Number of protein chains: 2
Amino acid sequence: MTQPDDISPLALNRISVYLRCLRHLQTEGVSRIASQEMARRFHLSASQIRKDLAYFGEFGIRGVGYDVAHLRERLERLLGIQREHPAIIIGAGNIGTALALFPGFHSGNFRIVAVFDNDPNKVGTQLADVTIRDSHELAAGVAETGAEIAILAVPAEVAQENYQALVDAGIKSVLNFAPVQLELAPEVRVKTVDLLIFMEELAYFLQ
Amino acid sequence: MTQPDDISPLALNRISVYLRCLRHLQTEGVSRIASQEMARRFHLSASQIRKDLAYFGEFGIRGVGYDVAHLRERLERLLGIQREHPAIIIGAGNIGTALALFPGFHSGNFRIVAVFDNDPNKVGTQLADVTIRDSHELAAGVAETGAEIAILAVPAEVAQENYQALVDAGIKSVLNFAPVQLELAPEVRVKTVDLLIFMEELAYFLQ
DNA sequence: GATTGTGAATAGATTCACAGCT
DNA sequence: AGCTGTGAATCTATTCACAATC
């Protein structure tokens, strides 16, 4: 399997989008699809689909198109989601709780294996499949569960220190919901989801 | 005020980031800042800051830098968030509820003025500042409140129909949390936030 | 005949480097 | 002296168009 690590974030996002489309097609019983038809159905660009896919290997059949099931499997392996990824959530507030209950993660082969909070009233209570644990047990929890991905859902003021705790615990990737510019550790990948930035983008186009 | 509408989404996102940085600087009492210092503090590119800002007008003072308060005000006006934007939420499930309670919106000059759900058990109950209303009252609610932005937080299966209802009700921008490729109406701007795509991006880099 | 895979062409975004202000 | 604003240069991404393949 080709596995270039210089893929652009844009192309990587598109791979995820293609995967979502393929899953959808599969539920409809479509077994083969051409780039043009896929572009039409999901409002994408046919030449871009071909270029993106060809970049990782020749997945298609000329004159025919792409095999939906096969391509799906290849893309899942490419993204590394052919196996289940254990993930943890830090912060059982509104957003952390909503994410713990989010059904989409299951379908994407991610599983929430632990939730941490520093509020003694929350520690010990049940949330989705897990019991909320004290934040002090973070390092132990990460070691036990083998979690590599963490979802950081704590208030902005304490995001940096919690991020540092995750880094120290050996987490490799962080999805951050706190609206702050984190001081990053070089070996830990961070993706920040800033709702306010999305809203501001929408506000701009209202004018 | 320069107001080109051909600004790239990338540049627009950066403007939001600059704004976040400026607010932070203001709380620290910094009144003037140079592009280089700002780049260093927040891990940005100095020449890009200058280019982005210059694109909308000459906001800086040569030899000195940028006036924090003044620049902040200009950027807020540029994004159209100098006035408060009423927003509504469709779907009072986990994510909708978390967003209704999200304190960040207040600081960004957005206000949740109504929440809609189709579950009779939820309709009539209080959530944050508002009483949850029945989804059938959507059009009336939008008209009453003057809401222009909607947050779509319903299950994937019903996202398309709810989106259509928003379009019909006269909403101009939608922040969509359902992991689907919506069939878009040309006059309504949509920004989709797909948590699974973020997770998949992180998973890729674990390899 | 149809569709992929791909080099060439175009378009877009970022960085460089320095003239122009304060 | 120091920093912005900006044209030129570079780098990156997308689209085009067609030869290669089934």
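The values are calculated or read from the model by the stated rules, or taken from the named source; none is laboratory data. What you see is a predicted model, and the numbers here were worked out from it, not measured in a lab. We place every Cβ from the backbone using ideal geometry, glycine too, and count neighbours over all the protein chains shown. Note: areas computed on protein heavy atoms with side chains; ligands, DNA, RNA excluded. Shrake-Rupley method; radii C 1.70, N 1.55, O 1.52, S 1.80 Å.
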Using the 7 Å Cα-to-Cβ label point, sort the distances from B:Phe205 to its equivalents in the other copies shortest first and give them in nm to one decimal. 2.6
If a/c stays under 1.5 just call it rounded; otherwise compare a/b with b/c (prolate if a/b is bigger, oblate if not). Do that for region B:1-69, with a ≥ b ≥ c from the square roots of the Cα gyration tensor eigenvalues. prolate
Label point 7 Å beyond Cα along the C-beta direction, distances from B:Asp119 to other copies (nm, shortest first): 1.9
The relative contact order of chain B, taking Cα pairs under 8 Å that sit 6 or more residues apart, comes to a percentage of 14 percent
Kindly write out, for region B:120-130 in residue order, the coupling ³J(HN,Hα) from the Karplus curve 6.51 cos²θ - 1.76 cosθ + 1.60 (θ = phi - 60°), rounded to whole Hz, with x marking Gly and Pro. x, 6, 8, 4, x, 7, 8, 9, 6, 8, 10
Could you go through region A:163-174 in sequence order and give the Karplus-derived ³J(HN,Hα) for each residue, using 6.51 cos²θ - 1.76 cosθ + 1.60 with θ = phi - 60°, rounded to whole Hz, and x for Gly and Pro? 4, 4, 4, 5, 4, 5, 6, x, 5, 9, 9, 10
Order the following by accessible area, largest value first: A:Phe205, A:Phe198, A:Phe105. Probe radius 1.4 Å; ligands, DNA and RNA are ignored. A:Phe205, A:Phe198, A:Phe105
Run the quick spin-label model on A:Thr145 and B:Glu58: label points 7 Å from Cα toward the beta carbon, then report their separation in nm to one decimal. 5.6 nm
For label points placed 7 Å from Cα toward Cβ, what is the shortest-first list of nm distances from B:Lys51 to its copies? 1.9
What shape does region A:85-198 take by its C-alpha gyration tensor, where a ≥ b ≥ c are the square roots of the eigenvalues and a/c under 1.5 counts as rounded, a/b above b/c as prolate, and the rest as oblate? rounded
Could you state, as a whole-number percent, how many of the C-alpha pairs of chain A are farther apart than 23 Å? 55 percent
On C-alpha positions alone, give me the angle between the axis of helix A:9-27 and the longest principal axis of chain A, in degrees, nearest 10. 70 degrees
Classify the protein assembly as shown as rounded, prolate or oblate from the Cα gyration tensor: take a ≥ b ≥ c as the square roots of its eigenvalues, call it rounded if a/c is under 1.5, otherwise prolate when a/b beats b/c and oblate if not. rounded
Measuring from label point to label point, each 7 Å out along Cα→Cβ, what is the A:Leu101 to B:Gln82 span in nm? 4.1 nm
Need one number: % antiparallel among DSSP beta bridges in the protein assembly as shown, to the nearest 5. 20 percent
On C-alpha positions alone, give me the angle between the axis of helix A:68-79 and the longest principal axis of chain A, in degrees, nearest 10. 40 degrees
Candidate aspartates and glutamates - alpha carbon under 13 Å from A:Lys122, same-chain residues fewer than 8 apart omitted: A:Asp134
Please report which chain A residue places its beta carbon nearest the axis carrying chain A onto chain B, with the distance rounded to a whole angstrom. A:Ala98, 2
